[in-house]
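Asks: Quick one: the structure is below, questions incoming.
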Amino acid sequence: MRRKDREITDRVKIKKIISECDCCRLGFNDNGKVYIVPLNFGFIERNEKFIFYFHGAKTGRKHDIMKENNNVGFELDTNHRIYGKDDVACTYTSAFQSIIGTGKVFVVENYDEKVQGLIEIMKHNTGKTKWQFNEKMVNSVCVFKLEVEELACKEHE
């Protein structure tokens, strides 16, 4: 990271920043072309690695790309604020917190992990942890996960 003064390395703070984000953008390589998808998500930390869960249709471009190339880039951002001196455009700057990284995406085949992924998505988006899913609901959706390999977190206040 070029601006080391803005780098966040504290795992607790990184987790807090992720918790405040409402959208994770996944960047796929579709035969040499970039395909970016904004998604709602849930996440866990396991063995000091972040795992993000997403859901979607069982067919389509994203699903097809994952079969061919499961390497992705991702981005999250939050707490945006523009500030500066009233009449001087070049004094304005942006406050923000952001996370970028790379990893691999996998379709979740295990039923129990699918349910856990859906629970994490709902928890992240609603704050509630008590959810029931029937088998028909779970089987009708594709749950996939991003296993983070590299992550960089940045903050400008």
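Asks: Determine which single condition Gln116 fails, assuming it passes every other condition in (1) in a helix (DSSP H, G or I); (2) polar (S, T, N, Q); (3) more than 20 Å from the chain's Cα centre (by Cα).
Replies: Exception for Gln116: condition (3).
Asks: Right, next: Suppose the filter is part of a strand (DSSP E or B), at pLDDT 90 or above and open to solvent by 40 Å² or more (accessible area, probe 1.4 Å); does Lys136 pass it?
Replies: On the way: part of a strand (DSSP E or B): no; at pLDDT 90 or above: yes; open to solvent by 40 Å² or more (accessible area, probe 1.4 Å): yes.
Judged against the criteria, Lys136 is not a match.
Asks: Report, by residue number, each residue of segment 45-55 that is under 18 Å from Arg11 (Cα atoms) and open to solvent by 30 Å² or more (accessible area, probe 1.4 Å).
Replies: Matches in segment 45-55: Glu45, Arg46, Asn47, Glu48, Lys49.
Asks: Considering Ile100, Ile119, which residue is touching a residue at least 12 places away in the same chain (Cβ under 8 Å) and within 20 Å of Lys154 (Cβ to Cβ)?
Replies: Ile100
Asks: Regarding segment 93-111, can at least one residue be identified that is open to solvent by 50 Å² or more (accessible area, probe 1.4 Å), part of a loop (DSSP other than H, G, I, E, B) and over 19 Å from Tyr53 (Cα atoms)?
Replies: No; the residues of segment 93-111 include none that is open to solvent by 50 Å² or more (accessible area, probe 1.4 Å), part of a loop (DSSP other than H, G, I, E, B) and over 19 Å from Tyr53 (Cα atoms).
Asks: All but one of (1) modelled with pLDDT under 95; (2) touching a Leu at 6+ places or on another chain (Cβ under 7 Å); (3) β-branched (Val, Ile, Thr) hold for Val88; state the number of the condition that does not hold.
Replies: It is condition (2) that Val88 fails.
Asks: Quick check on segment 9-53: of everything there that is touching a Gly at 6+ places or on another chain (Cβ under 8 Å) and touching a residue at least 40 places away in the same chain (Cβ under 8 Å), which residue is farthest from Glu120 (Cα to Cα)?
Replies: It comes out as Gly27.
Asks: Quick one: is Val88 among the aliphatic types (A, V, I, L, M) and under 23 Å from Phe28 (Cα atoms)?
Replies: No, not satisfied.
Asks: While we're on this one: Scanning segment 6-33 for residues that are among the aliphatic types (A, V, I, L, M) and open to solvent by less than 50 Å² (accessible area, probe 1.4 Å), which turns out modelled with the highest pLDDT?
Replies: Only one residue tops the list, namely Leu26.
Results for (1) at negative phi; (2) among the hydroxyl-bearing types (Ser, Thr, Tyr); (3) in contact with an Asp or Glu (Cβ under 6 Å, 6 or more places away or on another chain), shown as yes or no for each residue.
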| residue | (1), (2), (3) |
| --- | --- |
| Tyr53 | yes, yes, yes |
| Thr59 | yes, yes, no |
| Asn71 | yes, no, no |
| Thr78 | yes, yes, yes |
| Thr102 | yes, yes, yes |
| Val115 | yes, no, no |
| Ile121 | yes, no, no |
| Trp131 | yes, no, no |
| Glu155 | yes, no, no |
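Asks: Mind telling me which of the residues Lys128, Lys85 ends up being closer than 29 Å to Asp10 by Cβ, open to solvent by 80 Å² or more (accessible area, probe 1.4 Å) and without any contact (Cβ under 8 Å) to a residue 24 or more places away in the chain?
Replies: Result of the check over Lys128, Lys85: Lys128.
Asks: Being in contact with a Ser or Thr (Cβ under 9 Å, 6 or more places away or on another chain), surrounded by 14 or more Cβ atoms within 10 Å (Cβ to Cβ) and touching a residue at least 12 places away in the same chain (Cβ under 8 Å), is that true of even one residue in segment 56-73?
Replies: Yes, segment 56-73 contains at least one residue that is in contact with a Ser or Thr (Cβ under 9 Å, 6 or more places away or on another chain), surrounded by 14 or more Cβ atoms within 10 Å (Cβ to Cβ) and touching a residue at least 12 places away in the same chain (Cβ under 8 Å).
The values are calculated or read from the model by the stated rules, or taken from the named source; none is laboratory data. Computed from a predicted model, the values in this text were never measured in an experiment. With ideal geometry, Cβ positions are generated from the backbone for all residues, glycine too; neighbour counts draw on all protein chains shown. Calculation scope for accessible area: heavy atoms of the full protein, side chains included, ligands and nucleic acids excluded. Shrake-Rupley method; radii C 1.70, N 1.55, O 1.52, S 1.80 Å.
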